[in-house]
Amino acid sequence: MTRIPSKAEILDWISAHPTQTSKRDIAKAFGIKGADRIDLKRLLKELEAEGHLQKRNKTYRDPEQLPPVTVLLIKAPDENGDLYAQPLEWHGEGIEPIVLVVTTPAGPALGQGDRILARLSKVEGSDHHYEARIIRRIGVNPKRVIGIFRKGAEGGRIVPIDKSSSNEWIVLEDAVQGAKDGELVEAEQAGPKGRMGLPRARVINRLGDPSAPKAVSLIAIHQHGIPDDFPNKVVAEADAAKPMGLSGREDLRDMPLITIDPADARDHDDACYAEADSDPKNPGGHIIWVAIADVAAYVTTGSELDREARKRGNSSYFPDRVVPMLPDRLSGDLCSLHEGVPRPCLAVRMQVDAEGNKLSHRFVRGLMRSQASLHYAEVQDAMDGQVTDRTEHFLEPVIKPLYAAYAALKKARAKREPLDLDLPERKIVLSDSGQVTSVAFRDRLDAHKLIEEFMILANVAAAETLIKKRSPLLFRVHEEPAPEKLESLRETAMAAGFPLAKGQVLQTKHLNALLNGAAGTDDAELINISTLRSMQQAYYTPENFGHFGLALRNYAHFTSPIRRYADLIVHRSLVSAHGWGDDGLQPAEIERLEETATHISETERRSMIAERDTTDRYLASYLSERVGTEFTGRISGIARFGAFVKMDETGADGLVPVRTIGREFFHFDAEAGTLMGADTGFTISLGQRVTVRLTQAAPVTGGLELELLSIEDADLPKGGFGGGGGKGGGRRRSPAGHTAKRKSSRSKHKTAKVKRKVERNKRR
């Protein structure tokens, strides 16, 4: 007689053979045949009722264990860059198993929210329970949309705030989630992506009134996924921080270091001081001190603060708010170089000669006390003779020596010839209620340039020191323009009558010669914009490729650790290289340095896009009351669907749709960057001066639609239906050259022919 196994033996078998768990497999394993299968079936049902087994697709498994092949939901990478996943088929009552996803170079690129089918293997003696190897990806992140909810009879619709999105989204009644008409919401796609008609969505987050004061930046924050709330653990860790003392630091408290920042600055992370060099070997030279807040002393590797700072990558600045990288307890208090308060710092002493060349430098970890917190305008006013009670005391001993050192640095800069673009920066002024009161262009003062040159010099010193000490770091890299973009710039310059020679190793001095040649002409703005567009985007990397735009061989960001994670990495590397403490760069950080560089380069681009979108929305809001007004501007971009115009008054960009230009078909030439009329040959190209009328301004999307009135002070040719231009009596021609009238005639002839045939059939 066949022995029926015990319940424990069945459970052991299933645990040891997770792929052979059907009733047939179990029966075969224990040699059970015939009528004995009834007893086996009874045991399996009992185990199922007791909760030891779960039946699924004719197989039995332990509910406290995951099946060998299962569907997983990918989570965000952890602080070490490891990828974990949530099992979607976990039915146990204990702690949910931790699953580590083992990726391969040949496997698919996975991101948070992806679903995968994976083969699991159990792991003993580790911080995770299973390792998953990808079989295939079976899903991707549900597409998300942020927009205005419009309530309907059965649910409603979402009008996207993204001006590049033309489709509305349908929201069924059971997916509204209490959203009110006109409310700003975040939603995700519901249902298959390939369905006919408008896509469906379900509301997942209600964001409030889009017209509320200062809601514009909130839209961009949510749209681009910028974290704007600190977890409680992070805030608690920041609140527990204490002021640093002098222990292990050089005392710089008596040095007259001052901070110079915008008038509305909340944090002060850099201070400076300069004096004439007393060394007789360096006549006319200067000693420059730059002191930077010692953020590394408070934000240590692996801490909650560090994980959150790395996640954010940088602070994001909007006209109405700042989304900081660090909690206010640090960014606005302990790490901020406030006037009259002792603060820890990393400082660099730099010796430069009369021509502005750096002769030597050394770094110290110190304790400083800012003598004054000044802003750019009042420093510049003091140098221009408009001294106030605040600046009078500092004019002779501090401000004038700073400008004297800057005069020397300008000489070195002139020899180096970094790229010198002239692109005015817009400043949006808001009222207390969040309404735009004015749009102006920021003044570019010598005080701004002074601080900029001091910071560049300190960044160079940091890079050179770490290179010399063979300490890992993140370089700020800016590569030279791509050949195709350079060729496009050359064609634009030649069309405007300015040469840019071929067959030479491109240097910034060649581009500066082009910019200087165009300066003061009508084409100056065009050449500046075209040069900027030809540039590569700067990024972070552990490898040193130099900085093309600044014409520097070695460059790293060191001067803003409150708002940039890259600077914090450089600070930690300096601490390690000088042996200043155990809060320097850790081995685990060094291993994932390349990953960190990629991540923070992406967060930087994310912030730039969000800041630009916010500016566009504020400008659209400002101009919405001036619909119908005429503006002057310049063609700043050409696309198949129309021409972009940068308006002189505000610097805002608007679109002239190609469908509204004249009465003819326009051919788009991507290489030349032109739109050409099929009938008249009329050509629209970059840089042309135009007069436009504002026809539409959408504050929610930031979109501006314009009507083209004139180009280069000349009216548009009528073309097409308006008479003139081409054969056919001015009738509009299709690209194929057939007129609308001929097409209509053929259609009538065909209809008549069909009618005659029908009538003949009826007679029969």
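Go over the candidates ILE32, ILE38 one by one and state the one that is at pLDDT 65 or above, β-branched (Val, Ile, Thr), outside the structural domain of ALA309 (by TED's automatic domain parsing) and not in a loop (DSSP other than H, G, I, E, B).
Every option except ILE38 fails the conditions.
Which residues, counting only those in region 252-264, are among the charged types (D, E, K, R) and either within 18 Å of ILE399 (Cα to Cα) or surrounded by 13 or more Cβ atoms within 10 Å (Cβ to Cβ) (or both)?
Residues satisfying the conditions are ARG253, ASP254, ASP261.
Evaluate region 405-420: report whether one residue or more is touching a residue at least 24 places away in the same chain (Cβ under 8 Å) and either of a type in the set (Ser, Thr, Tyr) or more than 29 Å from GLY520 (Cα to Cα) (or both).
yes
Only one of (1) in contact (Cβ under 8 Å) with a residue 12 or more places away in the chain; (2) assigned to a loop (DSSP other than H, G, I, E, B); (3) more than 30 Å from ASP669 (Cβ to Cβ) fails for GLN536. Which number is that?
Among (1) in contact (Cβ under 8 Å) with a residue 12 or more places away in the chain; (2) assigned to a loop (DSSP other than H, G, I, E, B); (3) more than 30 Å from ASP669 (Cβ to Cβ), GLN536 violates only (3).
Being surrounded by fewer than 17 Cβ atoms within 10 Å (Cβ to Cβ) and within 37 Å of the chain's Cα centre (by Cα) is the filter; apply it to region 376-393 and report the residue that is nearest to VAL299 (Cα to Cα).
Just the residues of region 376-393 that are surrounded by fewer than 17 Cβ atoms within 10 Å (Cβ to Cβ), to begin with: 377, 381, 384-390, 392-393.
Next cut, within 37 Å of the chain's Cα centre (by Cα) only: 377, 381.
Details: ALA377: 33, ASP381: 37 Å.
Once the filter is applied, the top-ranked residue is ALA377.
Is it true that some residue in region 271-282 is within 28 Å of TYR540 (Cβ to Cβ) and modelled with pLDDT of 95 or more?
Of the residues in region 271-282, the ones within 28 Å of TYR540 (Cβ to Cβ) are 271-272.
Among the residues that remain, those that are also modelled with pLDDT of 95 or more are: 271-272.
Scanning region 271-282, I find at least one residue that is within 28 Å of TYR540 (Cβ to Cβ) and modelled with pLDDT of 95 or more, so the answer is yes.
Looking only at region 568-621, how many residues end up being under 25 Å from the mean Cα position of the chain (by Cα) and not in a helix (DSSP H, G or I)?
The total comes to 1.
Of all the residues that make up region 650-688, how many are closer than 30 Å to THR437 by Cβ and either at pLDDT 90 or above or among the β-branched types (Val, Ile, Thr) (or both)?
Of the residues in region 650-688, 6 are closer than 30 Å to THR437 by Cβ and either at pLDDT 90 or above or among the β-branched types (Val, Ile, Thr) (or both).
What's the number of the condition THR437 fails, among (1) free of Cβ contacts under 8 Å to residues at least 24 places away in the same chain; (2) β-branched (Val, Ile, Thr); (3) not in a strand (DSSP E or B)?
(3)
Evaluate region 485-498: report whether one residue or more is part of a loop (DSSP other than H, G, I, E, B) and polar (S, T, N, Q).
Taking region 485-498 first, the residues part of a loop (DSSP other than H, G, I, E, B) are 496-498.
Retained after the next criterion (residues that are polar (S, T, N, Q)): none.
No, every residue in region 485-498 fails to be part of a loop (DSSP other than H, G, I, E, B) and polar (S, T, N, Q).
Could you please find all residues in region 96-115 being in a loop (DSSP other than H, G, I, E, B) and modelled with pLDDT of 75 or more?
Quick first cut of region 96-115, residues in a loop (DSSP other than H, G, I, E, B) only: 96-98, 103-114.
Answer for region 96-115, where residues must be in a loop (DSSP other than H, G, I, E, B) and modelled with pLDDT of 75 or more: GLU96, PRO97, ILE98, THR103, LEU110, GLY111, GLN112, GLY113, ASP114.
Take ALA566 and decide whether it is closer than 14 Å to ARG310 by Cβ, touching a residue at least 40 places away in the same chain (Cβ under 8 Å), touching a Lys or Arg at 6+ places or on another chain (Cβ under 8 Å) and among the hydrophobic types (A, V, I, L, M, F, W, C).
Values: closer than 14 Å to ARG310 by Cβ: yes; touching a residue at least 40 places away in the same chain (Cβ under 8 Å): yes; touching a Lys or Arg at 6+ places or on another chain (Cβ under 8 Å): yes; among the hydrophobic types (A, V, I, L, M, F, W, C): yes.
Yes; evaluated as a whole, the condition is true for this residue.
Does region 52-64 contain at least one residue that is at pLDDT 70 or above and either assigned by TED's automatic domain parsing to the domain that holds VAL102 or surrounded by fewer than 18 Cβ atoms within 10 Å (Cβ to Cβ) (or both)?
Among the residues of region 52-64, not one is at pLDDT 70 or above and either assigned by TED's automatic domain parsing to the domain that holds VAL102 or surrounded by fewer than 18 Cβ atoms within 10 Å (Cβ to Cβ) (or both), which makes the answer no.
Of all residues in region 206-263 being of a type in the set (Ser, Thr, Tyr) and in a loop (DSSP other than H, G, I, E, B), which is modelled with the lowest pLDDT?
It comes out as SER211.
For residues that are of a type outside the set (Asp, Glu), assigned to a loop (DSSP other than H, G, I, E, B) and farther than 21 Å from LYS415 by Cα, tally how many sit in region 502-530.
4
For region 5-16, state whether one or more residues are part of a loop (DSSP other than H, G, I, E, B) and either modelled with pLDDT under 75 or touching an Asp or Glu at 6+ places or on another chain (Cβ under 8 Å) (or both).
No.
Within region 360-396, how many residues turn out to be more than 30 Å from TRP580 (Cβ to Cβ) and not aromatic (Phe, Trp, Tyr)?
Of the residues in region 360-396, 20 are more than 30 Å from TRP580 (Cβ to Cβ) and not aromatic (Phe, Trp, Tyr).
Just give me the residues in region 462-484 being crowded, with 16+ Cβ neighbours inside 10 Å and not in a loop (DSSP other than H, G, I, E, B), in sequence order.
If the condition is that a residue be crowded, with 16+ Cβ neighbours inside 10 Å and not in a loop (DSSP other than H, G, I, E, B), then ALA462, ALA463, GLU464, THR465, LEU466, PHE475, ARG476, VAL477, HIS478 are the ones that fit.
The values are calculated or read from the model by the stated rules, or taken from the named source; none is laboratory data. These numbers were taken from a predicted model, which means no experiment stands behind them. For neighbour counting, all protein chains shown are included, and Cβ atoms are generated from backbone atoms with ideal geometry for every residue, glycine included.
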